[in-house]
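Undergrad: What follows is a single structure, and I will ask about it in a moment.
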Amino acid sequence: MILSYVYKLRPSGSQSVKMESWLNMLRSHYNWCLADRIETYRQQFIQGAYCNLRTSSEAYPLTCCIVKNGATGNPWQNSGKKRNAGTIQDAGLVDLKAARPWYKSIDSDVLQRNIARLNTAYKNFFDGRGFPAFKNRSNFRSFEYKPGRVKFKGVLVYLPKIGWMRFFNSRPIPDGFAIRSVTIRRRTDGWFISVRLEDKSVPMATPRPTSEVKTAVGLDMGLTRLVHCSDGSDIPNPRFATNQKTKRTLSIRQRRVSRAKKGGHNRKKRVAEVAKLHSKIANRRNAGRRQVANKLVKKADAIVVEDLNVQGMVRRCKPKPDEGTGRFLANGQSAKRGLNRSILDASWGELISKIQYVAEKSGKVLLKVDPRNTSRECSACGHIDKANRDRERFICTECGHFDHADKQAARNIKHKAVVEYGLKLIKVPTDCGKPKQLCLFETPSTELTVSKRRKSGAQSSKRRVPGNLGRQLELFPQGI
């Protein structure tokens, strides 16, 4: 089993300054290694033969130290084998520390892991992802230690070349788990340490096969309500970033940033305030999605969701040029701007990923179906028509079935999973809230015909409210 724990560090002032300087030097080292590999590739495969400015002689790929996707340095090992780019740059760390002595303050394992980070970026590029990009202060905020170097003792953690440091031990490391990687990360609200744990004796939780699924619940993501379930329940959308109070606070802080002088100390403080607010919103959203995921997974053995392309849903509208004048016509992007913000604030993709994680951990399964026509198909007769849905109302033009559009879609999502995956579900008895049917000579009462009403606060609370007496006054009190 593999676990990942995150703790907040409590560094001293000198330790915080030292880690900040490490980030600056590691970012410079990362960018230098990337530029070295790009220049080597250009010289070998684009320019061909080139002139070495130091020796004023012509160099060729067979005689110089250039290798594919490599860097400047000796391409050959003592055993006669050819080295790759990462191994060459690892061997160059000795020359780096000799030329720039301030790099000696950084642990050697951290420098090696920094080169391994670039190797991973190149591997992702060859697997079909984007080309490695140069880092700046905003997107280079972490460094990593090799396993076995970091030690934990109570509320203290030892980081090589930094020393013992206090941290918030929110949960202890389980017995039997070995530390596989340790990452130090700087965020807006402080420094954090991410610990990756592994215990091979504990098996990973396997999802339940579809043949053993007895109950299922369909989920339809929305904006008015975050989730509509096929059983008729729903979960409200808290709108962490798009509620009125947060939007106003964010606009005020962003206005302060725009009015501050560029490059000044006050502008940095204003930017930090905006970043702190965004971090607070992200933490609330993350905690809220975990609570929702735990609540939804408890409903059934299988959780069925739509296979949504959220990135395509928030994509900008295509421009519409006018053939006569050459100007651009209105394409609806200004109206879609608010919709995109609401979709990103709802974070459907993050919610689905958390549901999948909790489901696998609980021995349940997450199923995905095609979202096509789920909100246009009638669950009663199966008729598909665009005119069936009118915003949140669903009225079938064929059979006249009337229902809430999102709850209707949730039932269609569940039905699609039953047909596609061949689920054999059992019927679960539900407690309907209908009044009890009276007998022939039974006296109707409020307890039998009407659900119990919630008592008012003045009657249920112990505090005396002015104007509401605790007991009924009598005309002739007995105590007189």
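Bear in mind that the values in this text are calculations on the coordinates, not laboratory data. Quick caveat, the model's predicted, so the values are computed rather than measured. Neighbour counts run over all protein chains shown; Cβ positions are idealised from the backbone, glycine included.
Undergrad: Dividing the convex hull volume of the alpha carbon atoms of the stretch 295-410 by its residue count, what do you get in Å³ per residue?
TA: Once divided by residue count, the hull of the stretch 295-410 is 140 Å³.
Undergrad: In addition: What number of lysine-lysine pairs in the stretch 172-277 show an alpha-carbon separation below 23 angstrom, given a sequence spacing of 8 or more or placement on distinct chains?
TA: 9
Undergrad: While we're here: In a shell of Cβ-Cβ distance under 9 Å around Ser347, excluding Ser347 itself, what net charge do Lys and Arg (+1) and Asp and Glu (-1) give?
TA: Computed value for this residue: 0.
Undergrad: Where a Cα-Cα gap under 16 Å defines reach, which aspartates and glutamates qualify for Lys97, not counting those fewer than 8 residues away within the same chain?
TA: Asp107, Asp109
Undergrad: Cα-based Rg of the stretch 210-421 per 2.2 N^0.38 Å, rounded to two decimals?
TA: For the stretch 210-421, the normalised Cα radius of gyration is 1.25.
Undergrad: Any chance you could check the Cα centroid distance between the stretch 119-161 and the stretch 373-399 for me, in angstrom?
TA: Answer, in whole Å: 51.
Undergrad: If the limit is 20 Å between Cα atoms, which of Lys82/Lys135; Lys386/Lys407; Lys295/Lys407; Lys361/Lys424 go over it?
TA: Lys82/Lys135; Lys361/Lys424
Undergrad: What order do you get for Val419, Val182, Val310 when you list them from fewest to most C-beta neighbours inside 10 Å?
TA: Listing Val419, Val182, Val310 from fewest to most nearby Cβ atoms yields Val419, Val310, Val182.
Undergrad: Pop a pseudo-label 7 angstrom from the Cα along the beta-carbon direction at both Lys361 and Trp164 and give the gap in nm to one decimal.
TA: Between Lys361 and Trp164, the simple spin-label model gives 3.2 nm.
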